[in-house]
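Working notes, structure below.
The values are calculated or read from the model by the stated rules, or taken from the named source; none is laboratory data. Only a predicted model underlies this, so the values are computations on that prediction, with no experimental measurement involved. Positions of Cβ are backbone-derived with ideal geometry, glycine not excepted, and every protein chain shown enters the neighbour counts.
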Amino acid sequence: MQKFGIIGHPLGHTMSPILHNWGFKKCNLDAHYKTWPTEPEAVPAFMKRFRDEKIGGLSVTIPHKQTVMEYVDELAERAKTVGAVNTLYWNGKKLMGDNTDVAGVLGPIRMRDLHPTSALILGAGGASRAAVAACIELKVQSIAITNRTLSKAEELAKEFNIDVVAWDVRSKTKPDILINSTPLGMQGDMESMTPWDTNFKDIQLVFDLVYNPLQTRLLAEATREGCETIQGLEMFLYQGLEQFKLWAGKELDPEEARELLLKELGA
Ligand code: NAP
């Protein structure tokens with residue numbers, strides 16, 4: 001049986017095993033996906049084991065997305081653009097590092113018949129990098145980023161050659177696409193919060209990367225104002241489907257996979 005799995009620290013609850021083990025079963029593959037909680041000091045030994053045991057593929061999450069880059073033989077273009085790896089897979093004898101988070105943002109936007117010319121990304125952490133890379137791939141002409149800590153937005157803007165908007169005036173801008181990559185609205189202390197005010201005029205699409213709850217306050221308010229919306233679950237779904245394709249060479253049905261994840265979330 002071929003082994004697959006995910007490393008991260010702390011590795012909280014993840015839906016990845018549900019998705020991939022379902023996929024393996026559906027495609028009649030003798031493979032199993034498990035969780036490998038891995039502390040930063042243990043990454044070198046894990047990567048040795050990965051090669052020795054020829055583990056089939058790996059999902060990589062916080063805080064190892066940059067660390068693993070030095071252990072691969074080649075980086076895919078998307079991983080280079082984002083500056084982080086969330087997927088390891090074998091291309092023959094070559095260990096590849098890729099980033100499917102970009103596909104996670106790009107896939108659901110591409111499914112809609114939109115031709116955005118401007119985008120604003122809220123937040124400048126790890127997830128925002130995939131959002132920026134996706135907007136670049138979509139050829140959005142004017143891309144801006146805003147963040148509570150201005151210096152982080154400025155660093156990212158310089159790296160990707162995009163614009164910066166000050167956090168305090170963010171809601172005065174009118175982008176075609178608004179992407180939230182902050183945890184505001186997430187289950188827990190931040191659930192009642194939103195990173196945006198109630199002015200959604202001229203915004204075509206609001207994508208909230210937060211996926212728990214599925215319908216955040218931001219998405220509920222955007223829907224009420226007539227915007228098209230995308231839930232964070234779609235990012236998780238599409239990045240996972242892309243991983244599965246890299247590992248198994250097969251495409252899973254997004255509708256069936258979504259149904260599985262919604263069931264897992266009790267929705
Ligand atoms: P991260 O690297 O920690 O970045 C968090 C960002 O949010 C930072 O820019 C931070 O600003 C900002 N922020 C945090 N608390 C804030 C607050 N109270 N007010 C304003 N801004 C605040 O996290 P990440 O990995 O990018 O993840 C961000 C969100 O995306 C999380 O909710 C996560 O669940 C979600 N996500 C979803 C998926 C998916 O598959 N759907 C994948 C990855 C991430 P400062 O720089 O000022 O601290």
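Listed conditions (1) assigned to a loop (DSSP other than H, G, I, E, B); (2) in contact with a strand residue (DSSP E or B) (Cβ under 9 Å, 6 or more places away or on another chain); (3) modelled with pLDDT of 95 or more are all met by residue 139, apart from (2).
Taking the condition surrounded by fewer than 21 Cβ atoms within 10 Å (Cβ to Cβ) and farther than 24 Å from residue 262 by Cβ, does residue 37 pass?
Numbers: surrounded by fewer than 21 Cβ atoms within 10 Å (Cβ to Cβ): yes; farther than 24 Å from residue 262 by Cβ: yes.
In short, yes.
Across region 107-156, the qualifying residues are those that are closer than 18 Å to residue 203 by Cα and of a type in the set (D, E, K, R), and the one among them that is nearest to the chain's Cα centre (by Cα) is 110. If I filter region 64-75 for residues that are of a type in the set (Lys, Arg) and surrounded by fewer than 12 Cβ atoms within 10 Å (Cβ to Cβ), do I get at least one hit? No, region 64-75 contains no residue that is of a type in the set (Lys, Arg) and surrounded by fewer than 12 Cβ atoms within 10 Å (Cβ to Cβ). Counted as qualifying within region 1-113 are the strands (runs of 3 or more DSSP E) with 1 or more residues that are of a type in the set (Phe, Trp, Tyr), namely 2-8, 31-37, 87-91. Taking the criterion of being on the phi > 0 side of the Ramachandran plot and away from the ligand (no atom under 13 Å from the Cβ), would at least one residue in region 155-163 satisfy it? Yes, that holds for at least one residue.
Condition check: near the ligand (Cβ under 9 Å from one of its atoms) and over 23 Å from residue 61 (Cα atoms). Does residue 148 satisfy that?
Yes; evaluated as a whole, the condition is true for this residue.
Among the residues of region 166-188, those identified as over 22 Å from the mean Cα position of the chain (by Cα) and within 18 Å of residue 148 (Cβ to Cβ) are 166, 167, 168, 169, 170, 171, 172, 173. Would you confirm whether or not region 222-232 contains a residue that is in contact (Cβ under 8 Å) with a residue 60 or more places away in the chain and not polar (S, T, N, Q)? Yes: region 222-232 contains one or more residues that are in contact (Cβ under 8 Å) with a residue 60 or more places away in the chain and not polar (S, T, N, Q). The set of residues in region 81-105 being surrounded by fewer than 23 Cβ atoms within 10 Å (Cβ to Cβ) and within 15 Å of the chain's Cα centre (by Cα) consists of 81, 83.
Out of curiosity, is residue 267 hydrophobic (A, V, I, L, M, F, W, C) and modelled with pLDDT under 95?
In short, yes.
Taking region 173-207 as the range and being of a type in the set (A, V, I, L, M) and either within 11 Å of the ligand (Cβ to nearest atom) or touching a residue at least 40 places away in the same chain (Cβ under 8 Å) (or both) as the test, the residues that pass are 177, 178, 179, 184, 186, 190, 193, 205.
Can you find a residue in region 152-168 that is in a strand (DSSP E or B) and under 16 Å from residue 208 (Cα atoms)?
Of all residues in region 152-168, those in a strand (DSSP E or B) come to 163-164.
So of that shortlist, the ones also under 16 Å from residue 208 (Cα atoms) come out as none.
The answer is no, given that none of the residues of region 152-168 is in a strand (DSSP E or B) and under 16 Å from residue 208 (Cα atoms).
Against the condition surrounded by 24 or more Cβ atoms within 10 Å (Cβ to Cβ) and small (Gly, Ala, Ser), how does residue 118 come out, does it pass? No; evaluated as a whole, the condition is false for this residue. Of the residues contained in region 241-250, one or more are found to be free of Cβ contacts under 8 Å to residues at least 60 places away in the same chain, over 26 Å from residue 124 (Cβ atoms) and more than 12 Å from the ligand (Cβ to nearest atom).
Can you find, within region 114-136, the residue that is nearest to the ligand (Cβ to nearest atom) among those that are in a helix (DSSP H, G or I) and under 13 Å from residue 162 (Cβ atoms)?
128
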